[in-house]
Each structure stands twice: as structure tokens, then as C-alpha cells.
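Heads up, the thing below is written out as C-alpha cells.
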Amino acid sequence: MATSIQSVTQNIAREMFDLYDSFKAAEITSCRITHANMLKWFRSFKEQDLFTKLPLGTSGEGRTISLYTIGNGSTKVVLWSQMHGDEPTATMALVDIFNFLTKHPEHTVTKTIKEKLTLLVIPMLNPDGAERFTRRTAQLIDLNRDALALETPEARILKETCSKYQPEYGFNLHDQDARLTVGTTKEITAIALLAPSIDESRTDNPIRVKAKKVASTFAQILNLFIPGHLAKWDDTFEPRAFGDNIQKWGTSTVLVESGGWKGDPNKFFIRKLNCVALLTTLYVIATGESAQADIEVYEQIPFNMKLGCDHIIRNAVLRTNNQVAPIRVDVGINFEIRRNDSTDSLEQIATIVEIGDLTTFTALEEDVDAKRAELDANRIKLDHSFSADELPLLFKQV
Ligand SMILES: [Zn+2]
């Protein structure tokens, strides 16, 4: 019979949440993490014999990609993070998870996971992209569109690992645009989940149903802390993507997309949610409870929608010419960090992405009521980019 997660599991999730500050990796102070940082953090666990480390190969620029194996249970679970270099949240959460397992060896979560599961962890699958903070690899390839062609060394490493170990479960750990929203609710998506499709008609075979049960468990854990902030990722089959193919090859796979949270530019709260939900879900897989999960919880999660901007100016006045009366407008603006090659520094660039009625939108950073102040029509243009410092200049100077 399908059920909601047991109260003992809920208590474990709440305990992880409350304990988090005592075991998290305090040395991570920014989401801009490099391969060298990561190696250093994982080396500290090695001294405590938490895992065995196996080099799997090297990236396009020669950085070593390793497999960290924890536990010796019969159920194998593969977890890989940061196949997109600019998506570091889950890598940070994995460091936190390793910290928990190291600091609490006698905890029931640690003991159950190590006894029942074998965790196969590949943190930072795209270290060259991480170095540049770019999605793609050093060879300019989106690794998540290389599952069939296998042109890149990083893609071959992931494929070979899955073929060799044939894990029963998989977690494909990413970050999504932090401005996506939970359907039309005007809530920013904190985390989106997906049990990827195995074909264009989104067939439910037993492997995918098992993944949906895991996703449903994951969702119920998150709903203890962030109800209304969970979305489902687009379930269109992507024939070249890893999640879809690994599901098709027989590993029940869940995609976890770390989204956004107001006032959390480094995504440390999302990192905490990842850590708590992953640890608790692994525990639930280990106890066998996930087999009872109600997949309707997963099915009913709203899909992501694009109804968020970083900054919204509401109720401003725009006079485009003198032939028609000025109109009331909202202006949606997104920010992006870009490298200025001439000064070799990072700059925050603002871009106007929407003009008009934004009552269905929410803002991730600032939601400003302009109180009918007049905009400078020369600066209000769709797709117009400028330094974020110049934001006040969007208004007509008096
Ligand atoms: Zn991604």
C-alpha cells in the first residue's frame, strides 16, 4: 500500500535539518568552488577512512575525476554532481554529507547507509567547467547532451561507471535557473525534481516507477521544510541526456535541480536542503521504506514556470513619445556576472528582460514600487544590458 513517509523518517529529516550547522563544511564560504578546493576537502575525509577513492580518468584539461565509494551494502546508488561547471550546489552538499558520515559514525543514518548501500559518488564531473564557472566542458560540449555520442572523456567516465557497477539507483545533481517558479504560484522554485522519461511517450516501466517513488520520498522530506517551493522539471524525453539514458539503461534515476531562495545568492540554504533530503532519502532507500512511497505526491508537483526575475520595478510611468499618453508599466530585470577581459575583473550586468504587466511575476531579489515615477524612455529597451550600478539611471533624472 502506498503511504506517506513514516513519522520516524520525518523525525530523522528534522534532526538532520537541526544538526546541519554542527556538521556542515564550514570551510565552504562561497559557491565559486574549484577542483583544487574539492580535492582538499575530500582529502580530509580520507584520513578517517570514510571511503575508497578510485581515479576514473581525466577531464579534457587533465584534471582527475574520481569515484568515492562509501559502504558495502548490496544496493548500489550512484550520485554525480556538477556535470555543468556552473552548477556547484550539490557538490557542496556532498561535502556536507561526507562530513556528516565522518562526524557521526554511530548515528543510525550513517550505520544504515553504510550497511545496506554502496554509495558511488562522482563529485564535480566537469572540473574544467567548474574552473571557468561555465556550463560546458573545456571542449565546449554540454556534457548532458553527450550521453550517446560519448565524444568527451567526462561522458565516457560516467557511462563506464554506470555500465561497470549497474547501480540500482541514481541521483543526477544539477542547478537550475534560480528565477524559475512553482507553476503560477509566484513562489520561486527552491528545488525541482524529475524521474526522467525513457521515451517520447513518457512510458512508466518498473525502473521509472521506482525512480518516481524515490522522487516522491524526496519531495515529502522537502515539504517538511519548504512547502510550496518544490517543482517538477520538464519531463520531455531528451535522447542525448544522461538522466534519461541512465534510467533507460536500468538505474532508477532522479534529477535534482537546485533552484533559488530569496536573499541567498550563494545558495547555501538550497545546499542545506540538498544535504538533508539526500541523506534522509538514502536512509529511506536503505531501510526499504521508499518502495512504499505514494507516487501521486510526485505526480502532483507543479511544473517549473518562467515567472521570476531578479529585480522588478512596478508601477512606473513610461512616455515613449508625445503622440500618446504615458502608460503604467512594470520592468523585469535580470542580473548576470560577466568577466570583463580588459580589466580582468567580474562585473554585474543588468538586462531588461520584460516590460509591461508583471503582476503574474515574482522577484528573486528586489521588488520595488516605483510609485508612478517616470522612466527614462531612452534607457528602457528590451534586452538592453548595462552595468548593474546604473540601475537608478533607468528613471528620468529631475
Ligand atoms: Zn545542469
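The values are calculated or read from the model by the stated rules, or taken from the named source; none is laboratory data. Computed from a predicted structure; not experimentally measured. Reconstructed Cβ throughout: ideal geometry from the backbone, glycine too, with neighbour counts over all protein chains shown. These accessible areas exclude ligands, DNA and RNA; they are computed on the full protein's heavy atoms, side chains included. Shrake-Rupley method; radii C 1.70, N 1.55, O 1.52, S 1.80 Å.
Atom-type composition of the exposed protein surface of the chain places 49 percent of the accessible area on carbon and sulfur (1.4 angstrom probe).
Within the straight-line cut-off of under 18 Å between alpha carbons, the lysines reachable from LYS212 are LYS76, LYS232, LYS248, sequence neighbours fewer than 8 places apart in one chain being disregarded.
Remark: for residue pairs LYS186/LYS272; LYS46/LYS114; LYS213/LYS306; LYS114/LYS213, the C-alpha separation exceeds 25 Å in LYS213/LYS306. Only protein heavy atoms count here; on that basis, with a 1.4 Å probe, ARG179 has an accessible area of about 50 Å². To the nearest 10, the accessible area of VAL297 is 50 Å² with a 1.4 Å probe.
If you model the range 309-394 as an ellipsoid using its alpha carbon gyration tensor, with each semi-axis the square root of five times an eigenvalue, the axes come out at 25, 15, 10 Å, biggest first.
Couplings 3J(HN,Hα) for the range 274-279, derived from phi with the Karplus relation 6.51 cos²θ - 1.76 cosθ + 1.60 (θ = phi - 60°), are 4, 4, 5, 6, 5, 4 Hz, where x marks Gly and Pro. Packing around the peptides 89-102, 316-329, taken as the average count of other Cβ atoms within 10 Å per residue, puts them in this order, highest first: 89-102, 316-329. With helices as the sole contributors, the chain gives -9500 deg cm²/dmol at 222 nm; each DSSP H run of n ≥ 4 counts as -39500 (n - 2.57), and the sum is divided by every residue. Couplings 3J(HN,Hα) of the range 327-333, computed from phi: 10, 8, 9, 9, 10, x, 10 Hz, in residue order, whole Hz [Karplus 6.51 cos²θ - 1.76 cosθ + 1.60, θ = phi - 60°; x for Gly and Pro]. Between GLU365 and HIS311, the built amide H atoms are under 5 Å apart, and every one of these is 5 or more places off in sequence or on another chain. Within the chain, DSSP assigns beta bridges of which about 55% are antiparallel (rounded to the nearest 5). Compute the FRET efficiency between LEU150 and ASN72 as 1/(1 + (r/R0)^6), taking r as their Cβ-Cβ distance and R0 = 35 Å, and round to the nearest 0.05. Approximately 0.70, to the nearest 0.05. Note: relative contact order over the chain, using C-alpha pairs below 8 Å and six or more positions apart, is 17 percent. Just so you know, the Rg over Rh for the range 36-93 is 0.96, from Cα atoms, with Rh as the Kirkwood radius.
Can you give the percent of C-alpha pairs in the range 144-261 whose distance is more than 21 Å?
The share of Cα pairs beyond 21 Å in the range 144-261 comes to 39 percent.
Summary value for the range 309-394: 37 percent relative contact order, contacts being C-alpha pairs under 8 angstrom separated by 6+ residues. In whole angstrom, note down how far apart the Cα centers of the range 134-181 and the range 41-98 are. Using only Cα atoms to place each centre, the spacing works out to 14 Å. Scaled against 2.2 N^0.38 Å for its residue count N, the alpha carbon radius of gyration of the chain is 1.05. Each residue was assigned an accessible area with a 1.4 Å probe, and for PHE17 the value is about 40 Å². Charge tally for LEU158 (other residues, Cβ to Cβ under 12 Å; Lys, Arg +1; Asp, Glu -1): 0. Sorting LEU273, LEU39 by solvent-accessible area of protein heavy atoms yields LEU39, LEU273, largest first, with a 1.4 Å probe. What the phi angles of the range 369-385 give under the Karplus curve with 6.51, -1.76 and 1.60, with θ = phi - 60°, is a coupling list of 8, 7, 6, 6, 5, 8, 7, 7, 4, 5, 9, 8, 9, 4, 6, 6, 10 Hz, glycine and proline written as x.
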